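Visitor: Here you go, one structure.
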Amino acid sequence: MTSLQQANEARSVKKHKTEAIKEAFSAQEAWDRLLGYATSGYSSISEDDRDFVLKSFGVFDRPATPERFMIRVRIAGGSLSVEQAMAVAYVAKTFGQDYIDLTTRQQIELRYLRIEDIPESLKLLENVGLTSYQTGVDNFRNILLDPLDGLAMDNIIECSPILREIQGVFLKNDEWITTLPRKFNIGINGSLSNRCNIFGQDFALTLAQKEGIYGFNLYLGGRVGAVAQDADMFVLPFQAKEVFVAVASLFKTYGFRDNRNKNRLKFLIDTVGMNEFREAIITTLGYQMPYAGQLLTEMQGGDHYGKIALNDGTFALYAAVPSGVFSGSDLLYAAQIAQSQNGAIRLTIEQNLIITGIRNEVAALDSPLFANYSNRPSPYMANLIACAGSEHCPFGVIPGKPDAITMGEYLSHEVPIEDAKVRLYWSACVKGCGIHAAGDLGFLGCKVPHKGKTELGVDIFIGGTLSGDGSEAHLLLKGILLEHANEYVAELMRAYRDHRKSKESLESYIARVQQGYTNPAIAFMMRWNRLIRNHNENLFLSCKHPYGSHVESDEIYRYGIELIGQAIGYNPYESDAALFEGRKGFKFDKKTLSDFIQPYAPIIEKMVEPDSKKRYVVFSEVVADLKEIDSYE
């Protein structure tokens, strides 16, 4: 463990100021203070307690709602009994303005609570086996499972017993309450599908097999902007707890405690290398572990709407909750459905809700729940994630939730589509709580300079996946005005609608298109087509003829040829091959062009210019010239 010790010492010269708060932290004393504040009132809360300590118990002061708190309720694996759901609904309706957020960690957030009501709210939750302990700051956060764990047709290993073993190690255990260097996310997936963002976790066990035996491959160090790395270790179900304790102990002992932006497990592993960290796990365990088996999580993930057949002969009914905006009243409706059919409730990482144990579908669908939250929504609303946003979070740059819902509604109207899966994930700031990097398309809130002002905007990402070993989305369009984002995305959705294979998901379509086009080429298609459509022209680009070179200059040339061919009816060079020096450059007869297109003619001509010193090399050059034209927006 020499490398780990050396890495820790190099990053321990100066500790972050929060470490002093944590060193003085006593869970019992902090809990007693929380109870005391309910009597003495909001103004008596110390700054350290308000900004850090109370978060250890999942109690968050929200400046956006002055003197009102949010409680983050730990819903282990997203599984709620009828009794628990009714208790949460009661707390929301009685103390929290009937408001609920469903989160990307299968949790529930209750908002608008006064400090005076916090103890009673927490007591009501504890009475039904729910807690908000350790759902904030430097703790083990809610453990993710497949929302259909133990029930799905493709579920091989039921993981809830493993969750309980691991959670039993740290929950309400003083040794682990707010003692980690940074937060630590855990996921366990025993299904062929990835319905729980398994590769986005610090500690991830996902279904694998080795020599005919089912178990898990271990992945470590996932976070926003980084997929977890393969630790090359095969873990049997009965070993999961011990392996977790080994990893957690190493992180607690050697993890960095200086720069909180670089304190997650990933940074420790990046410093010493995965091979070294794997050996440290084995040394801590005291026995050898086999190398990784065959990964079995291959099926595409995400929620599936409608009716879902379960392995016990019953069904599950899905309720789409766009952006997770929910209420206590609607949770009560869901609990009543589950109670009437001897079922339960499962929450998903896509902020939706599933009711299990359904035997009478007609009676269930007659509930007011499904009048408010569709069982068969538009594909744009079915897999729609958004974090709390600026309305509820001090870090939010954009509203987020209303923006995501507005986009879903816009696309449903402008580009209707059926039998499709479209995952649109929104994060209101760089903290990435909306897991934008895992979406087919991801949206990250930002500020955009525009005509001398600073406006709200988004960076748009493409190509995140939940299947296989997962992959992060990459930047597609930077600094797009929020009010224009819908129009840009609609252009990609039109291409998807018109050129996808039968029932092809957006994830699969994007992967196929990316085999033939670079991301800058896809982004340029979106920019150009939006420009043309907004001015009622008919000179559109497509991504239906992949060239595969992945050289931007080649793509620019072929896009130019495509535009010229539409404008004049033929290819002026009589070839789609790469350009050769010495040819005479093409020039439009301006009289044949509309008044709107004429200013853009020199740009199109430069896209196919034979002289390498005069033609465009990368798309950013083309976009820069487009922006110089007054009619471009």
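The values are calculated or read from the model by the stated rules, or taken from the named source; none is laboratory data. Computed from a prediction, not measured in an experiment: that's the story for all the values here. Don't worry about glycine lacking a Cβ; one is built from the backbone with ideal geometry, like all the others, and counts go over all protein chains shown. Note: areas computed on protein heavy atoms with side chains; ligands, DNA, RNA excluded. Shrake-Rupley method; radii C 1.70, N 1.55, O 1.52, S 1.80 Å.
For every residue, the table says whether it meets (1) surrounded by 24 or more Cβ atoms within 10 Å (Cβ to Cβ); (2) in contact with a strand residue (DSSP E or B) (Cβ under 8 Å, 6 or more places away or on another chain); (3) closer than 28 Å to Asp49 by Cβ.
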position	(1), (2), (3)
Ala85	yes, yes, no
Thr94	no, no, yes
Asp146	yes, yes, no
Met153	no, yes, no
Ser160	no, yes, no
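Visitor: Also: Conditions: (1) among the small types (Gly, Ala, Ser); (2) in contact with a Ser or Thr (Cβ under 6 Å, 6 or more places away or on another chain); (3) open to solvent by 40 Å² or more (accessible area, probe 1.4 Å). Ser340 meets all but one. Number of the miss?
Guide: Result: Ser340 fails condition (2) only.
Visitor: Does segment 23-46 hold any residues that are under 16 Å from Tyr133 (Cβ atoms) and not small (Gly, Ala, Ser), and which are they?
Guide: Restricting attention to segment 23-46, the residues satisfying the condition of being under 16 Å from Tyr133 (Cβ atoms) are 25-35.
Listed by number, the residues that qualify are Phe25, Gln28, Glu29, Trp31, Asp32, Arg33, Leu34, Leu35.
Visitor: In segment 347-364, is there at least one residue being β-branched (Val, Ile, Thr) and surrounded by fewer than 17 Cβ atoms within 10 Å (Cβ to Cβ)?
Guide: Quick first cut of segment 347-364, residues β-branched (Val, Ile, Thr) only: 348-349, 354-356, 358, 362.
Next cut, surrounded by fewer than 17 Cβ atoms within 10 Å (Cβ to Cβ) only: 362.
Checked against the condition, which is being β-branched (Val, Ile, Thr) and surrounded by fewer than 17 Cβ atoms within 10 Å (Cβ to Cβ), segment 347-364 yields at least one hit.
Visitor: Out of curiosity, is Asn538 modelled with pLDDT under 95, surrounded by 14 or more Cβ atoms within 10 Å (Cβ to Cβ) and polar (S, T, N, Q)?
Guide: Working: modelled with pLDDT under 95: yes; surrounded by 14 or more Cβ atoms within 10 Å (Cβ to Cβ): no; polar (S, T, N, Q): yes.
Taking the combined requirement at face value, the residue does not satisfy it.
Visitor: Which residues, counting only those in segment 338-368, are in contact (Cβ under 8 Å) with a residue 60 or more places away in the chain, within 29 Å of Ile435 (Cβ to Cβ) and not in a loop (DSSP other than H, G, I, E, B)?
Guide: Ala338, Ile345, Arg346, Leu347, Leu353, Ile354, Thr356
Visitor: Go through segment 604-628 and give me each residue that's surrounded by 14 or more Cβ atoms within 10 Å (Cβ to Cβ) and farther than 22 Å from Ser549 by Cα.
Guide: Asp625, Leu626
Visitor: I need a count of the residues in segment 169-203 that are farther than 14 Å from Lys252 by Cα, in contact (Cβ under 8 Å) with a residue 40 or more places away in the chain and open to solvent by 30 Å² or more (accessible area, probe 1.4 Å).
Guide: Counting residues in segment 169-203 that are farther than 14 Å from Lys252 by Cα, in contact (Cβ under 8 Å) with a residue 40 or more places away in the chain and open to solvent by 30 Å² or more (accessible area, probe 1.4 Å) gives 3.
Visitor: Another question, if that's okay. I'd like to know if segment 496-516 contains one or more residues that are modelled with pLDDT under 95 and open to solvent by less than 10 Å² (accessible area, probe 1.4 Å).
Guide: Within segment 496-516 (the criterion being modelled with pLDDT under 95 and open to solvent by less than 10 Å² (accessible area, probe 1.4 Å)), the answer is yes, since at least one residue qualifies.
Visitor: Follow-up question, since we're still on this one. Looking at the structure I just gave you, is Phe395 outside any helix (DSSP H, G or I) and either open to solvent by 20 Å² or more (accessible area, probe 1.4 Å) or modelled with pLDDT under 95 (or both)? Give the steps one after another, and end with the answer.
Guide: Numbers: outside any helix (DSSP H, G or I): yes; either open to solvent by 20 Å² or more (accessible area, probe 1.4 Å) or modelled with pLDDT under 95 (or both): yes.
Taking the combined requirement at face value, the residue satisfies it.
Visitor: Can you confirm whether Ala240 is among the hydrophobic types (A, V, I, L, M, F, W, C), touching a residue at least 60 places away in the same chain (Cβ under 8 Å) and within 13 Å of Phe203 (Cβ to Cβ)? Walk me through it before giving the result.
Guide: Values: among the hydrophobic types (A, V, I, L, M, F, W, C): yes; touching a residue at least 60 places away in the same chain (Cβ under 8 Å): yes; within 13 Å of Phe203 (Cβ to Cβ): yes.
Answer is yes for this residue.
Listed here are the residues, each with its yes/no results for (1) assigned to a strand (DSSP E or B); (2) at pLDDT below 95; (3) small (Gly, Ala, Ser).
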position	(1), (2), (3)
Phe370	no, no, no
Met381	no, no, no
Leu384	yes, no, no
Ala388	no, yes, yes
Ile405	no, no, no
Tyr410	no, no, no
Ile417	no, no, no
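For every residue, the table says whether it meets (1) among the charged types (D, E, K, R); (2) open to solvent by 20 Å² or more (accessible area, probe 1.4 Å); (3) closer than 29 Å to Phe267 by Cβ.
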{"position": "Ala7", "(1), (2), (3)": "no, no, yes"}
{"position": "His16", "(1), (2), (3)": "no, yes, yes"}
{"position": "Ile45", "(1), (2), (3)": "no, no, no"}
{"position": "Asp51", "(1), (2), (3)": "yes, yes, yes"}
{"position": "Ser56", "(1), (2), (3)": "no, no, yes"}
{"position": "Ala76", "(1), (2), (3)": "no, yes, yes"}
{"position": "Thr104", "(1), (2), (3)": "no, yes, yes"}
{"position": "Gln107", "(1), (2), (3)": "no, no, yes"}
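Visitor: Could I ask something else about it? Scanning segment 1-58 for residues that are within 31 Å of the chain's Cα centre (by Cα) and not in a helix (DSSP H, G or I), which turns out modelled with the highest pLDDT?
Guide: Gly58
Visitor: Now, a different point. Which residue, of Phe238, Phe256, Phe234, is surrounded by 22 or more Cβ atoms within 10 Å (Cβ to Cβ) and of a type in the set (A, V, I, L, M, F, W, C)?
Guide: Details: Phe238 fails: surrounded by 22 or more Cβ atoms within 10 Å (Cβ to Cβ); Phe234 fails: surrounded by 22 or more Cβ atoms within 10 Å (Cβ to Cβ).
Unique residue meeting the criteria: Phe256.
Visitor: While we're here: So, Tyr425, is that one of a type in the set (Phe, Trp, Tyr) and surrounded by fewer than 24 Cβ atoms within 10 Å (Cβ to Cβ) or not?
Guide: For Tyr425, the condition - of a type in the set (Phe, Trp, Tyr) and surrounded by fewer than 24 Cβ atoms within 10 Å (Cβ to Cβ) - is not met.
Visitor: Ok, one more. So is Lys431 among the charged types (D, E, K, R) and either closer than 21 Å to Ala226 by Cβ or surrounded by 24 or more Cβ atoms within 10 Å (Cβ to Cβ) (or both) or not?
Guide: Details: among the charged types (D, E, K, R): yes; either closer than 21 Å to Ala226 by Cβ or surrounded by 24 or more Cβ atoms within 10 Å (Cβ to Cβ) (or both): yes.
So Lys431 passes the test.
Visitor: For segment 58-74: of the residues being in contact (Cβ under 8 Å) with a residue 40 or more places away in the chain and among the charged types (D, E, K, R), which is surrounded by the fewest Cβ atoms within 10 Å (Cβ to Cβ)? Break it down into steps so the answer makes sense when it comes.
Guide: Filtering segment 58-74 down to residues in contact (Cβ under 8 Å) with a residue 40 or more places away in the chain leaves 58-60, 62-65, 67-74.
This time we only want the ones that are among the charged types (D, E, K, R), so: 62, 67-68, 72, 74.
Values: Arg62: 18, Glu67: 13, Arg68: 19, Arg72: 23, Arg74: 21.
So the residue we want is Glu67.
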